[in-house]
Each structure stands twice: as C-alpha cells, then as structure tokens.
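J.: Before I ask anything, let me first share the structure, which is written out below as structure tokens.
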Amino acid sequence: MENIVKDKKLLITGGPDGIAQVLMRHALEQGIKEIRVFDEDEAHLVAVREELLTERPDAAATVKFHCVDVCDSESVDDSMPGIDLVVFIPSVKLVSDSESHPANACKMLISTVNNIMASSIKHGVQKIIVLSPSHTEPLVETSSMLAVLLEKVVIAQGNALLKNKNTTIVCARMEEKSDVFGLVDYAFNEAQNGELVLKQNGTFVKIPCQNPAFERDDLSNL
C-alpha cells in the first residue's frame, strides 16, 4: 500500500493520548514532514510533548502541539494553514460524558467535526479521515447513537463534495481491537468522498454513499 503520509503535513485532533499517540508514532516512522496535534488542555500538551521528546528527541522539529478549542472556528482556522491530511478523533471526554450529558455531547460533536471539515475545505486539505467509534445495535446507549450521527454528518458532507477534486472526506469506523494503522492507511489510499471504511471478515472494505444524487424529497439514503 502506498505511503501517502511521507513528506506531508498531518493534523490530528482529539488530544495527544490513546489513538492519537499511536498514529503519531506510526506517522513518524513513515517519514511524515510535520504533525500538528490539537487539544485545549495546554498543561497536558506540555506534559505529552516532554514525554515524547524524552523518548524521541529527533521529533522536536516534526511534532507540534497546538492549544486549540475545536469548538471555536477561528481558533481552528488559525492553526490549519499548510496541512495536507487530517485525522479527526472524537475526544475521550466527549465520549465519556455522552451518557450524563447527551444533549451537550451531541452539540459538541457536531460543532467540532463541522469546524474541522469546514476549515479543511477552506484551506485545501487533500484528505480528511474522521474516526467513528464502534457502536452496538439496537442503538440504546447514547455513545452508539452519537457514533451513528457522526458517520451520517461526515458522509453527508462527503456527498456534498463529490465533484470537489481538492478535498476528500471519509469516515472510518473503529471496531474493537481494530488495526488503526491499517484502517487509516486504507482510508487515505482507497476511500473516496462520502464513503465509510470499516473492517469486515478480516479485510478492510469501503461502503459508498447510497445515493450520490440525493434530493430533498428522496429519503432512500437515510
């Protein structure tokens, strides 16, 4: 599979922990030119940066941590210029608070992903991968409903850009114990606007939007 991140500038949102750290280290091994990490907790960013530089001093010029409120479109815009690729990860706090504050979690999720997508399109980002948490059916838990809502919003935006040759928006579903490296690499290399990428029967597949010619009176793709 092609190494699409080599010599590119990558933005990772959702904080510097967990999946973000895994992807960050993977990108460093793949010859990434620059990585920007967004989080609104400045103290935490400093701590993670010190930990990373202790482990990998050579990453000082490559990995840059930005204190950004992703709910603020202007704050996102200020740190977006020059980025080639984006990986959007829903914040851990958002997912953990979804049961106790579902209305706020829904509002924050839509606001953040819309800000990232709008700014990416504005600044000519080549490809945006939005990672969607796995969900279970029936959709009883708020976190599962939010995951489905996130996918719907991303796919709808991808549909709107079908004729846009500058930016591609893809949703990638993270199943439990999924191969994050493989999922993101496959999404970057293979997926097109409005497609959902996931792993089925041990292989990665892409599901195209059901109706690219969606019209207001046609509900076949809901």
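J.: Filtering region 127-154 down to residues that are among the polar types (S, T, N, Q) and crowded, with 16+ Cβ neighbours inside 10 Å, which residue is farthest from the chain's Cα centre (by Cα)?
T.: Ranking the candidates gives THR142 first.
J.: While we're here: Which of the residues belonging to region 132-156 are modelled with pLDDT under 80, part of a helix (DSSP H, G or I) and over 23 Å from LEU23 (Cβ atoms)?
T.: Correct list: THR142 only.
J.: Against the conditions (1) within 15 Å of the chain's Cα centre (by Cα); (2) part of a helix (DSSP H, G or I), where does ASN159 fall short? Just the number, please.
T.: For ASN159, the failing item is (1).
J.: For region 15-38, give me each residue that is in contact with a Ser or Thr (Cβ under 8 Å, 6 or more places away or on another chain) and open to solvent by 30 Å² or more (accessible area, probe 1.4 Å).
T.: Correct list: LYS33 only.
J.: Please give the helices (runs of 4 or more DSSP H) falling wholly within region 1-105 in which 2 or more residues are of a type in the set (A, V, I, L, M).
T.: 19-29, 42-55, 92-96
J.: Turning to a different aspect of this structure: Conditions: (1) surrounded by fewer than 16 Cβ atoms within 10 Å (Cβ to Cβ); (2) touching a Leu at 6+ places or on another chain (Cβ under 6 Å). GLU50 meets all but one. Number of the miss?
T.: Unmet condition: (2).
J.: Which one of these does ALA47 not meet: (1) in contact with a strand residue (DSSP E or B) (Cβ under 8 Å, 6 or more places away or on another chain); (2) over 27 Å from VAL197 (Cβ atoms)?
T.: Here ALA47 clears every test but (1).
J.: Then there's this: Name every residue in region 162-191 that is modelled with pLDDT under 90 and either closer than 13 Å to PRO208 by Cα or buried (at least 19 other Cβ atoms within 10 Å of the Cβ) (or both), in order of residue number.
T.: Those that are modelled with pLDDT under 90 and either closer than 13 Å to PRO208 by Cα or buried (at least 19 other Cβ atoms within 10 Å of the Cβ) (or both): LEU162, MET174.
The values are calculated or read from the model by the stated rules, or taken from the named source; none is laboratory data. Computed from a prediction, not measured in an experiment: that's the story for all the values here. Neighbour counts are summed over all protein chains in view; Cβ atoms, including those assigned to glycine, are modelled from backbone coordinates with ideal geometry. To get the accessible areas, we keep the full protein, side chains included, count just its heavy atoms, and leave off ligands, DNA and RNA. Shrake-Rupley method; radii C 1.70, N 1.55, O 1.52, S 1.80 Å.
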